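Only one structure is covered here, and it is reproduced in the block below.
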Amino acid sequence: MSLDDVTLDQLPLREDLRGRSPYGAPQLDVPVRLNTNENPYPPPPGLVDDVTVAVRAAAADLHRYPDRDAVELRRDLAAYLSGATGVALTERNLWAANGSNEVLQQILQAFGGPGRTALGFEPSYSMHPIIAAGTRTDWVPTPRRPDFTVDTDRAAEIVAERRPDVVFVTSPNNPTGGSIPLSGLGSLLRAAPGIVVVDEAYAEFSARPSAVRLLADHPATLIVSRTMSKAFAFAGGRLGYLAATPAVVDALQLVRLPYHLSVLTQAAARAALRHAGETLASVATLAAERDRVVEALRGLGFEPVPSDANFILFGRFADAPAAWRAYVDAGVLVRDVGIEGHLRVSVGTPEENDAFLAASKEVPR
Ligand code: PMP
C-alpha cells in the first residue's frame with residue numbers, strides 16, 4: 001500500500017465521525033465571489049500599513065511565546081464593544097480566539113461534551129452542529145417557522161422542556177438573515193437552565209441592539225460571540241471574540257490551548273481595531289446595497305427573505321443546485337446552503353451586485 005492509498009474507512013476513526021461531511025463552502029476561482037459573507041471591500045491602505053508595522057515589530061519577538069491571555073487585545077476589543085453597545089465592559093469580560101468558530105468550540109469544550117446537549121434553531125449556521133459533533137455534544141435541532149423566524153415563546157417552552165446544556169441563537173441568523181428582538185432573547189434566557197450563546201457574527205449590519213445589553217440581567221448564562229471576519233473586513237486575520245461574565249473566561253481558559261493566539265494575530269488584530277472607524281464605514285454602504293439587491297430581486301419575481309445582515313437568502317428555484325451551477329457558469333459564486341428552492345448571496349460591491357442581478361435574469365428557475 002502506498003502513502004496515498006489509505007482511505008478514511010481504513011483509519012481507526014471515532015465511530016461517531018464516520019460518514020460525516022466537513023464544512024465545505026467551495027473555494028472556486030470565479031470573478032464574482034458572493035458565497036462566504038465576507039466584506040467585499042479590502043482593508044484601507046492606512047490599515048494595511050499599520051498592520052504591517054505592527055507585525056514587523058512583533059516579528060522581533062517571534063522567539064518568545066505570545067501573551068497567553070491576549071490581555072491588551074482583549075482590552076481593545078472591550079473598548080470597541082463598549083462603544084458599540086453602550087455597555088461598560090473590560091478585558092475581564094472579553095475572550096478572543098482564532099475566529100469565532102474557535103470561540104464556539106471552546107464554549108462547547110467547556111459547557112458541552114459527552115452526555116450533554118446543545119440546541120439550535122434550524123436552518124442556522126452549519127458549524128454549530130459540526131462543532132457539537134467534534135466535541136461529542138448531542139445536537140438537538142429545533143425547527144424555525146416556515147418563514148425562518150423563531151417563535152420565541154414556543155422556543156422558550158421547548159428549551160424549558162428539553163433543558164439543553166447550551167442553546168445557540170444566531171442573530172442575525174445565517175443563512176436566513178433575520179434577527180431576534182431583545183425581548184425574544186430575554187424569553188429564551190429566562191427559560192434556559194444552561195448557557196445561551198447568542199452568535200452575533202453579523203451584528204454590525206443590524207439596526208437591532210446587541211444582546212450584550214442583556215448580560216447584566218443574565219450574567220451566569222449569557223455569552224455573546226462576535227467576529228472581526230465580517231464587518232471588520234478581517235476574515236483572513238482570524239479573530240473572533242465573546243463577551244460574558246469573567247467566570248466564563250475562567251472556564252474557557254481550562255480548555256483553550258496555550259498560546260492559541262499568535263503574536264502576529266494579536267498585533268494585526270490590534271492594528272486593525274485602531275482603524276475600526278474606517279472599516280465599519282462600509283457597513284452603511286453594504287446595508288444600503290443589501291436593500292437595493294432585495295428590491296431588485298423582488299422586481300425580478302424572486303422571493304428574498306428579509307435580511308438584517310450582509311447576505312440574502314432568496315428563492316424560489318425548482319432546482320437550486322442547477323441554478324447554483326448556472327450562476328457559476330455566469331461567473332458568479334453564490335451559496336447553496338441546502339434549503340430547498342433557495343440560494344444565498346452575500347452583498348458585494350455595487351458592481352458585483354449588478355453582475356449577480358444580471359446573472360439572476362438568466363438562471364433557470
Ligand atoms: N457564526 C456565524 C453565524 C457565521 O456565519 C460565521 C462565519 N461564516 C461564524 C460564526 C464564524 O466566523 P469566524 O470563525 O470567521 O469568526
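The values are calculated or read from the model by the stated rules, or taken from the named source; none is laboratory data. It should be emphasised that the depicted structure is a prediction, and the values quoted were computed from it without experimental measurement. With ideal geometry, Cβ positions are generated from the backbone for all residues, glycine too; neighbour counts draw on all protein chains shown. All accessible areas refer to the heavy atoms of the entire protein, side chains included, with ligands and DNA or RNA removed. Shrake-Rupley method; radii C 1.70, N 1.55, O 1.52, S 1.80 Å.
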Checklist entry - So which residue, out of Leu77, Leu13, Leu333, gets the largest mean-square fluctuation from a GNM of the chain using Cα contacts under 10 Å as springs? => result Leu13
Checklist entry - Between segment 96-120 and segment 163-188, what's the alpha-carbon centroid distance in Å? => result 16 Å
Checklist entry - For segment 148-217, what is Rg from Cα atoms divided by 2.2 N^0.38 Å, rounded to two decimals? => result 1.04
Checklist entry - Average projected area of the Cα convex hull of segment 315-357, in nm²? => result 2.8 nm²
Checklist entry - Counting pairs of Cα atoms in segment 46-275, how many percent are more than 30 Å apart? => result 22 percent
Checklist entry - Using a probe of 1.4 angstrom, how much of the accessible area of segment 95-240 is carbon and sulfur, in percent? => result 48 percent
Checklist outcome for this item: Counting only DSSP beta bridges with both partners in segment 46-275, the antiparallel fraction in percent, to the nearest 5, comes to 30 percent
Checklist outcome for this item: For segment 147-153, Karplus-derived ³J(HN,Hα) couplings (6.51, -1.76, 1.60; θ = phi - 60°; whole Hz; x for glycine and proline) come out as 8, 6, 7, 9, 7, 5, 5
Checklist outcome for this item: If amide H atoms are modeled at 1.01 Å from N in the peptide plane, then the residues at a separation of 5 or more from Arg33, or on another chain, having amide H under 5 Å from its own are Leu333
Next on the checklist: Within 13 Å, Cβ to Cβ, of Glu289, how many net charges do the neighbouring residues add up to if Lys/Arg are +1 and Asp/Glu are -1?
Outcome noted: -3
Next on the checklist: Under the 0.36 nm per residue contour assumption, what length would be gained going from the current alpha-carbon distance of Val328 and Ser183 to full extension?
Outcome noted: 48.1 nm
Checklist entry - Ranked from highest to lowest mean number of other Cβ atoms within 10 Å per residue, what is the order of the peptides 91-99, 202-210, 21-29? => result 91-99, 202-210, 21-29
Item to check | Solvent-accessible area per residue, Å², over segment 155-291 with all protein chains present [probe radius 1.4 Å] | outcome: 34 Å²
Item to check | Compactness of segment 76-138 as Cα Rg over 2.2 N^0.38 Å, two decimals | outcome: 1.34
Item to check | 3J(HN,Hα) from dihedral phi, segment 346-358, Karplus parametrisation 6.51/-1.76/1.60, rounded to Hz, x for glycine, proline | outcome: 7, 7, x, 6, x, 5, 5, 5, 5, 4, 4, 5, 4
Checklist entry - Among residues other than Ala78 whose Cβ falls under 12 Å from its Cβ, what is the net charge (Lys/Arg +1, Asp/Glu -1)? => result +1
Checklist entry - Summing Lys, Arg as +1 and Asp, Glu as -1, what charge do residues with Cβ under 13 Å from the Cβ of Pro209 carry, Pro209 excluded? => result -1
Item to check | Charged-residue dipole, Cβ positions (Lys, Arg, Asp, Glu), the chain about Cα centre, Debye nearest 20 | outcome: 580 debye
Next on the checklist: Under a Cβ-only charge scheme (Lys and Arg +1, Asp and Glu -1), can you give me the dipole magnitude of segment 309-365 about the Cα centre, in debye to the nearest 20?
Outcome noted: 180 debye
Next on the checklist: Using the Karplus curve 6.51 cos²θ - 1.76 cosθ + 1.60 with θ = phi - 60°, what ³J(HN,Hα) values do you get for each residue of segment 64-79, in whole Hz, with x for Gly and Pro?
Outcome noted: 9, 5, x, 4, 4, 9, 6, 5, 5, 4, 5, 5, 5, 5, 5, 5
